[in-house]
Amino acid sequence: MQPRRIVLLGSTGSIGTQAIDVVDGAPHLFEVVALSAGGGNLELLAHQAVHTGAGAVGIASGDPRRLQDLIADAARAAGRPEFKPEIIAGPEASARIAGVEADVVLNGITGSIGLAPTLAALKSGATLALANKESLIVGGALVKAAAREGQIVPVDSEHSAIAQCLRSGSAPEVEKLILTASGGPFRGRTREELHDVSPREALAHPTWDMGLMVTTNSATLVNKGLELIEAHLLFDVPLDRIDVVVHPQSVVHSMVQFVDGSIIAQASPPDMRLPIALGLGWPDRVPNAASPCDWTKATSWTFEPLDAAAFPAVDLARDAAKQGSTFPAVFNAANEEAVTAFHDGRIRFTDIVDTIDSVLSEHSGSSVLTLESVLNAESWARARAHERLAVSSL
């Protein structure tokens with residue numbers, strides 16, 4: 001059997017680097033044929049290109065000639081001076097790389113800039129292993145209409161868990177989906193106690209090692225709000241049948257409750273290589289992708305209700321999803337601008353979700369959901385968020 005041909009979008013990020021670990025562990029199953037990255041770490045991208053032997057490499061920004069030189073240097077050091085992949089540069093690079101002939105495209109880009117590559121991957125006919133939740137959330141019905149049944153495989157640990165649990169019953173037997181949340185670094189604090197937390201504190205996630213945006217979103221629980229919308233779109237379960245429960249240990253990644261009262265959970269130590277491997281190999285499992293729970297050691301798993309007063313982002317996301325249209329895109333765009341302002345020291349931590357709420361309250365939505373209407377809504381939301389953030393600045 002020939003290895004599956006894999007395209008990695010966002011290869012130098014957390015998801016991309018771990019995906020290469022998965023491929024390295026199963027070279028008989030996977031072959032990387034193309035890579036793309038933002039361009040902020042050309043040295044790593046060059047090393048990845050030579051290491052994987054990818055035939056095409058894309059960068060959204062940065063000097064393509066410097067990347068070419070770095071690849072040549074890395075190739076010579078690896079004893080492969082003849083290695084010269086095609087280099088694609090510019091804002092559309094990831095979308096073009098997503099169209100490379102392949103079996104699976106893993107979208108590990110962070111943020112709504114992943115929408116065009118998601119649509120390109122679906123158009124190519126490849127299976128889309130989706131770690132870029134924002135593209136589904138902001139694209140909504142647009143993305144779903146572009147996908148054939150079963151073409152999108154979730155890579156977020158929570159949605160991968162739900163996909164696995166759903167194998168235990170038929171669609172009519174599903175009562176509700178239960179997303180687990182670690183609670184982030186500020187679990188147990190009141191809203192008043194969150195006003196003056198620092199960016200460094202917000203990035204001190206107790207479980208996962210992620211990038212700045214995702215880690216901050218986990219601290220505000222915006223990430224869980226986005227995941228709630230994603231679960232609704234992926235699994236066609238109504239929003240009022242999707243719950244969130246706090247589980248600090250992050251071992252139970254999510255659950256499905258069935259009509260007879262049974263609850264099926266997927267559990268494993270926190271390691272993104274497991275859902276990445278499942279995304280690349282779906283519906284088959286990849287042997288030894290990650291370590292299982294160690295049952296020779298005593299352990300405890302705890303669960304507690306979400307404090308919606310301290311962390312209102314989940315309810316806000318649910319409301320945005322109920323309004324549909326471009327509201328989820330506005331939710332996401334306003335958040336991205338507010339997170340940047342927070343890390344620049346211009347606003348307080350609690351101003352992040354307040355900014356989202358304010359911008360959403362002024363949005364009127366779009367009657368027709370198209371790529372253009374989504375992009376226009378995002379542009380409006382970012383501009384409006386900037387205006388509000390200027391007033392809220394410390």
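Nearest 0.05, what FRET efficiency do His51 and Lys123 give at R0 = 25 Å with Cβ-Cβ as r?
Details: r = 29 Å, r/R0 = 1.14.
Efficiency, rounded to the nearest 0.05: 0.30.
Have a look at the DSSP beta bridges in the chain and tell me what percent are antiparallel, nearest 5. Around 30 percent of the beta bridges assigned by DSSP in the chain are antiparallel ones. Mind scanning Lys224/Lys322; Lys144/Lys322; Lys123/Lys176 and naming the pairs with a C-alpha gap bigger than 26 Å? Those over the limit are Lys123/Lys176.
The mean sequence separation of alpha-carbon pairs under 8 Å and at least six residues apart, normalised by the residue count of the range 4-154, gives a relative contact order of 22 percent.
Report the full-extension gain for the segment Arg200 to Lys84: residue separation times 0.36 nm, less the Cα-Cα distance, to one decimal in nm. Let's see the in-between values first.
Working: separation 116, 0.36 × 116 = 41.76 nm, distance 4.08 nm.
This chain segment gains 37.7 nm when fully extended.
With a Förster radius of 45 Å applied to the C-beta separation of Lys176 and Glu43, the computed FRET efficiency comes to 0.45. Kirkwood radius for the range 4-154, taken over all pairs of different Cα atoms as the inverse mean of 1/r, rounds to 15.1 Å.
Can you check what the Kirkwood hydrodynamic radius comes to for the range 70-167, Cα pairs only, in Å to one decimal?
Numbers: mean 1/r = 0.0675 Å⁻¹.
Evaluated over the range 70-167, this radius sits at 14.8 Å.
When a footprinting reagent is the concern and you count Cβ atoms within 10 Å, what order do Cys165, Cys293 take, fewest first?
Numbers: Cys165 22, Cys293 12.
By the 10 Å Cβ count, ascending, the order reads Cys293, Cys165.
What percent do you get for the relative contact order of the chain when only Cα pairs under 8 Å and 6+ apart count? Relative contact order comes out at 15 percent. For a Förster distance of 25 Å, can you work out the FRET efficiency between the beta-carbons of Leu212 and Gln2, rounded to the nearest 0.05? With R0 = 25 Å, the Cβ-Cβ based efficiency is 0.05.
Listed peptides 376-389, 151-164 appear in the order 151-164, 376-389 once ranked by packing, highest mean of other Cβ atoms within 10 Å at the front.
Placing a label point 7 Å from the Cα of Val391 along the Cα-to-Cβ direction, the residues of the range 339-355 with a backbone N closer than 12 Å are 355. Extension gain, Glu92-Arg285: 0.36 nm per intervening residue step, less the Cα-Cα distance, totals 66.2 nm. Basic side chains Lys and Arg get +1 at the Cβ, acidic Asp and Glu get -1 at the Cβ, and with that the dipole of the chain about its Cα centre reaches some 580 debye. For Phe30, the residues 5 or more places off, or on other chains, whose built amide H falls under 5 Å of its own are Arg4. For the pair the range 82-102 / the range 325-394, the C-alpha centres are spaced 31 Å from each other. With the cut-off at 38 Å, report for the chain the share of all Cα pairs above it, as a whole percent. In whole percent, the long-distance tail amounts to 17.
For Lys297, go through the aspartates and glutamates and keep the ones whose alpha-carbon is under 15 Å away, minus same-chain ones fewer than eight residues off. Cross-link targets: none qualify.
Restricting the range 28-110 to GluC sites (Glu not before Pro) that sit in a DSSP loop and have at most 12 other Cβ atoms within 10 Å of their own Cβ leaves Glu82, Glu101.
Sorting check: for 268-275, 214-221, which peptide has the highest mean count of neighbouring beta carbons within 10 Å, and how do the rest follow? Walk me through the numbers before you get to the answer.
Values: 268-275: 19.9, 214-221: 25.4.
For the peptides 268-275, 214-221, the packing ranking is 214-221, 268-275.
Estimated at 0.36 nm per residue, the fully extended path between Ser379 and Glu362 surpasses their Cα-Cα distance by 4.7 nm. The separation of the range 163-182 from the range 231-309, counted between C-alpha centres, amounts to 10 Å.
The modelled label-to-label distance for the pair Ala141/Ser61, using points 7 Å beyond Cα in the direction of Cβ, is 3.4 nm. Restricting the range 188-293 to GluC sites (Glu not before Pro) that sit in a DSSP loop and have at most 14 other Cβ atoms within 10 Å of their own Cβ leaves nothing. The label-point distance for Thr296 and Ala309, in a model that sets each label 7 Å from Cα toward Cβ, rounds to 4.7 nm.
Computed from the coordinates by the stated procedures, all read-outs in this text should not be read as laboratory data. Given the structure is predicted, the values throughout are model-derived calculations rather than measurements. Don't worry about glycine lacking a Cβ; one is built from the backbone with ideal geometry, like all the others, and counts go over all protein chains shown.
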